[in-house]
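Remarks on the structure that follows.
The values are calculated or read from the model by the stated rules, or taken from the named source; none is laboratory data. Given the structure is predicted, the values throughout are model-derived calculations rather than measurements. Cβ atoms come from the backbone with ideal geometry, glycine included; neighbour counts cover every protein chain shown.
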Amino acid sequence: MGMDDIDSPRGGCTTHFASTLVEKLDKWHVEWLDYPNLIRLNPNIPYRTRGNGAVALRFRVEANAIPEILSETRRMVEGYAERGYPNTNPGFVMVIGKPPEQVTALAKLALWRAVPMAAAQRITDELELKHFSLGNGRGLIGALSAIGNLLLDDHTYEYLAYRPIDTHSRPRGIDVDSVVEMDRIMGDRVFSNIDPSSGEILIEPHGPDPVIYGIRGESPEYVIEAASYVRGAQAKERWTVFRTNQGTGEHLTHRVRVCDLRPYMAALVQGEIASAPLIIEGGHVVFSVSDGSGTIDCAVYEPTKNLRETAHMLTIGDEVRLHSGVRPASSSHGLTLNVEGLEVVRLSEHVAVTNPVCPQCGKRLKSAGSGKGFKCSTCGFRTREAERIENPVARSIREGLYLPPLGAQRHLTRPMARLRMSNSGLPTSLVEEWHYP
Ligand SMILES: [Zn+2]
C-alpha cells in the first residue's frame, strides 16, 4: 500500500499516519515483508508539503481481508487528513503482487522529474489498481512512487518518535547534551544528528507536527540504540523505524546537458564556469556554466553558507559538476540551476605576468616597446635578453566535492559521512547520461 500527502501544516504527517495504520493492520494478522518504507521524491517539486516524502507498507494478508482493509484505511485517511488546505491532496494506492513495470518506472522518474498527475492516473486506470484520493489527487503520484521504489540499491533507516496529537504545539524540549552524547557513542552508524558548523540539533523538526525527533542511520538496530540515549521533555506516544532512501543521493543520478535541462529536474550538470561568480543582494552567489550545448545561470543561495563561499572562489574556466535543481524561467530570470552540491573537477590555471627587475638598481623594468626588450626608468639600463616572469596564481580552493552544512542539506542528499557507504553492496551512485528524447 502506498500513501502520500496525508498531512497539513497544522499538524499530522504521512509517516505518523502510516505508523498508526501499521498498528491497525495487526487486526488482520498481516505478515510484514519489510519495514515501512519512507520514500523521498524529487525535492525540486514546488507543490508539496514538507519534505516530499511518501510511504509504502509491504505485507502479506489473506485475500478476503483486502476489501475490509481498504474501507478501513479510507475511513482513517478521511478522518486524519486536514481538508480545505490547498496543498493537501492525499493519495492512497494498493498493488497486489509484485509492483508492475509501469509503477517502478514512475517511481524512478518521480525521484528527479516533475511527474504529471495524468501519468499516475493512467497507471491506476490501466492496471485497475484499488486507490482513492482527496483534493486534486496529486498524492497518487507519491503513493505509486513509494510502492515502485523497492530500495534495492543503497538505503538507510530512520527512527521516528511521535507525540500525542494534543501536544503538537508545545516545545519538544529535547535535551541537547543527550543528543551530543548519542552522536559521540554511535559515530558513523548514524548520521546528520548535529550540524557541526552551527551546533544545531538536526534530529528535531520545527513545525507543529507529531514528530518529536528522527534519527537516521545504517541499520534498524543502530537507530533504535541511538534513540535510547535521547532524553526529552515530551513522552513518546509511539515510534516506528522506516527503511528509506534518505541520505543516498538517489535523486541525483542523471547527468544532463544544458540544452536538455527542463524545469524541476534534479540533475548533474558538468561544464566550465563561463562568468565569474558574483555576490548579489541577499547574499546569494550567481555565476554561469557552459558545457558546449549551452550556457545556464546558476545560483547558490544564502542558506547554503559555506557552499556559497566556495562557489565565490571559482573563476572562469574552472570545470565543475553541479548537483542541482532546475528552477523554471520567470519574468526576472531564465532557466536557473539551484546548486545544492558542487564538485570542483578541474581548476583552471591562471598566471600572473610581471616584468623582470633591473640588475643595476633593483627597480621593476618597463617595456621598451614591442620587440625592443625592457628599459629602466630609474637608471637607464636597457636589455633585450630579459623575459617576462609568469607566476601561477595560488588558488584558495581545491578539487573535490563541496556540500552545504548538514542543516541546509536535503533529506535525499548523500552527506559526507556516507560518501563511500552503501547498504546494498552496489556502488553508491550509478550516474547515467540523459538526453532529451
Ligand atoms: Zn635600474
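Screening Ala386, Ala394 for residues that are within 16 Å of the ligand (Cβ to nearest atom) and either part of a loop (DSSP other than H, G, I, E, B) or of a type outside the set (Ser, Thr, Tyr) (or both) leaves exactly one candidate, Ala386. Within the stretch 349-363, being within 16 Å of the ligand (Cβ to nearest atom) and in a strand (DSSP E or B) holds for Thr354, Val357.
Just one of the numbered conditions (1) in contact (Cβ under 8 Å) with a residue 60 or more places away in the chain; (2) within 16 Å of the ligand (Cβ to nearest atom) is not true of Lys366: (1).
In contact (Cβ under 8 Å) with a residue 60 or more places away in the chain, over 25 Å from Val431 (Cβ atoms) and among the hydrophobic types (A, V, I, L, M, F, W, C): does that describe Ala120?
Working: in contact (Cβ under 8 Å) with a residue 60 or more places away in the chain: no; over 25 Å from Val431 (Cβ atoms): yes; among the hydrophobic types (A, V, I, L, M, F, W, C): yes.
Against the criterion (in contact (Cβ under 8 Å) with a residue 60 or more places away in the chain, over 25 Å from Val431 (Cβ atoms) and among the hydrophobic types (A, V, I, L, M, F, W, C)), Ala120 does not qualify.
Check whether at least one residue in the stretch 172-187 is in contact with a helix residue (DSSP H, G or I) (Cβ under 6 Å, 6 or more places away or on another chain) and buried (at least 19 other Cβ atoms within 10 Å of the Cβ), and report yes or no. Yes, because at least one residue in the stretch 172-187 is in contact with a helix residue (DSSP H, G or I) (Cβ under 6 Å, 6 or more places away or on another chain) and buried (at least 19 other Cβ atoms within 10 Å of the Cβ). Residues of the stretch 392-422 that are of a type in the set (A, V, I, L, M) and more than 30 Å from Ala352 (Cβ to Cβ): Leu403, Leu406, Ala408, Leu412, Met416, Ala417, Leu419, Met421. Just one of (1) within 21 Å of the chain's Cα centre (by Cα); (2) at pLDDT below 95 fails for Val258. It is (2).
Inside the stretch 199-216, residues that are farther than 14 Å from Glu237 by Cα and in a loop (DSSP other than H, G, I, E, B) make up a count of 9. Is there any pair with a first residue in the stretch 148-170 that is more than 15 Å from Ala235 (Cα to Cα) and among the polar types (S, T, N, Q) and a second that is surrounded by fewer than 21 Cβ atoms within 10 Å (Cβ to Cβ) and at pLDDT below 95 whose Cβ atoms are under 8 Å apart and which are 6 or more apart or on different chains, and what are they? Matching pairs, first to second residue: Thr156/Asn423.
Restricting the stretch 397-414 to residues that are in contact with a helix residue (DSSP H, G or I) (Cβ under 7 Å, 6 or more places away or on another chain) and of a type outside the set (Val, Ile, Thr), which is nearest to the ligand (Cβ to nearest atom)? Out of the qualifying residues, it is Tyr402. The condition (being in contact (Cβ under 8 Å) with a residue 12 or more places away in the chain, out of contact with any Leu (no Cβ under 7 Å at 6 or more places or on another chain) and assigned to a strand (DSSP E or B)) is satisfied by just one residue among Leu342, Leu401: Leu401. Residues satisfying the criterion are present in the stretch 330-343 (criterion: under 22 Å from Ala408 (Cα atoms), surrounded by fewer than 18 Cβ atoms within 10 Å (Cβ to Cβ) and among the charged types (D, E, K, R)). Reported count of residues in the stretch 228-279, each being under 25 Å from Leu307 (Cα atoms) and either buried (at least 18 other Cβ atoms within 10 Å of the Cβ) or in contact (Cβ under 8 Å) with a residue 12 or more places away in the chain (or both), is 32.
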